1. Residue 117 to residue 73: FRET efficiency via 1/(1 + (r/R0)^6), r the Cβ-Cβ distance, R0 22 Å, to the nearest 0.05?
2. Normalised radius of gyration for segment 36-81, please: alpha carbon Rg relative to 2.2 N^0.38 Å, two decimal places.
Amino acid sequence: MKHLKMKLATGLGLAAGYVLGTRAGRDQYEKIKHTTADLWNDPRVQDKVHAAGDVAKEKVHDAGETLKEKSQEASETLKEKVNHTDDVGEKFEATNNRSDNENADLQNQVKEAAEQIQSEDKRGRH
């Protein structure tokens with residue numbers, strides 16, 4: 001019986017602590033919520049929020065401009081490489097319509113052009 005009374009007293013104590021703790025916890029929560037809302041709505045805080053938003057918009061715009069410039073540069077470089085490669089291809093095809101001596105000269109030109117492309121590629125990577 002004594003053991004049962006102890007369990008009952010412990011249960012009532014836990015229940016009372018829970019109820020009181022919950023009320024105190026709720027009051028504290030409401031205080032924090034109210035203080036946070038007041039702070040957020042403070043004009044000085046809102047000024048900083050808007051200033052941060054403006055800076056973020058400016059940075060996004062700048063990043064977009066940089067991306068646009070770099071993509072144009074990459075496009076121009078690619079066009080140059082393609083045109084240069086086309087020249088090499090034309091020279092190589094021309095070797096089929098020439099004499100042996102002319103073919104040797106053209107093959108050397110093709111080889112030199114290919115080496116030039118490789119050397120430009122290596123320099124561009126460093």
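Every number here is computed from the coordinates shown, using simple stated rules; none is lab data. Worth saying up front: this structure is predicted, and the values here are computed from it rather than measured. FYI the Cβ positions are ideal-geometry reconstructions off the backbone, even for glycines, and counts take in every protein chain you see.
1. Values: r = 18 Å, r/R0 = 0.84.
The calculated FRET efficiency here is 0.75.
2. Working: Rg = 19.3 Å, N = 46, 2.2 N^0.38 = 9.4 Å.
Normalised Rg, Cα atoms only: 2.05.
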